[in-house]
1. Which of the residues spanning the range 44-100 are assigned to a loop (DSSP other than H, G, I, E, B) and either within 14 Å of the chain's Cα centre (by Cα) or on the phi < 0 side of the Ramachandran plot (or both)?
2. How about the range 41-100: which of its residues are surrounded by fewer than 12 Cβ atoms within 10 Å (Cβ to Cβ) and in contact (Cβ under 8 Å) with a residue 60 or more places away in the chain?
3. What tally of residues in the range 66-84 results from selecting those that are touching a Phe, Trp or Tyr at 6+ places or on another chain (Cβ under 9 Å) and at pLDDT 95 or above?
4. Right, residue 16: among the polar types (S, T, N, Q), at pLDDT below 95 and under 16 Å from the mean Cα position of the chain (by Cα) or not?
Amino acid sequence: MSDSPAANGPDDFAANFQQDLIDYFDDLLTYRMPFGKYKDRHLDHLPYEYLHWFPERCGGFPSGRLGELMAFVYHTKSVGAEIVFKELDVQRKKGGVKRG
């Protein structure tokens, strides 16, 4: 049996996609840029132009979870959907999300 989305059906794919989004937003609550001009800024607060610089000039985003999150923010902003990040600021002011 394959682990591909087609083999597991659309319901499994949707559930996995939903969990990936939850994980991205949970991590974006706390991850900050660890280096450079925007050190210590939340990743969703990085300017689009700065994010665009990585694939344009550096050949891609950093490896690991940082790079995955930066790519997610970049692609979200590139399609004009950055409004989805507004809730992160609300959650930060409340002290974050506690999942049990």
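The values are calculated or read from the model by the stated rules, or taken from the named source; none is laboratory data. Being a predicted model, the structure only gives us computed values, none of them experimental. Please note: Cβ atoms are built from the backbone with ideal geometry, for glycine as well, and neighbour counts cover all protein chains shown.
1. Correct list: 46, 47, 61, 62, 63, 79, 81, 97, 98, 99, 100.
2. 99
3. Of the residues in the range 66-84, 12 are touching a Phe, Trp or Tyr at 6+ places or on another chain (Cβ under 9 Å) and at pLDDT 95 or above.
4. So residue 16 passes the test.
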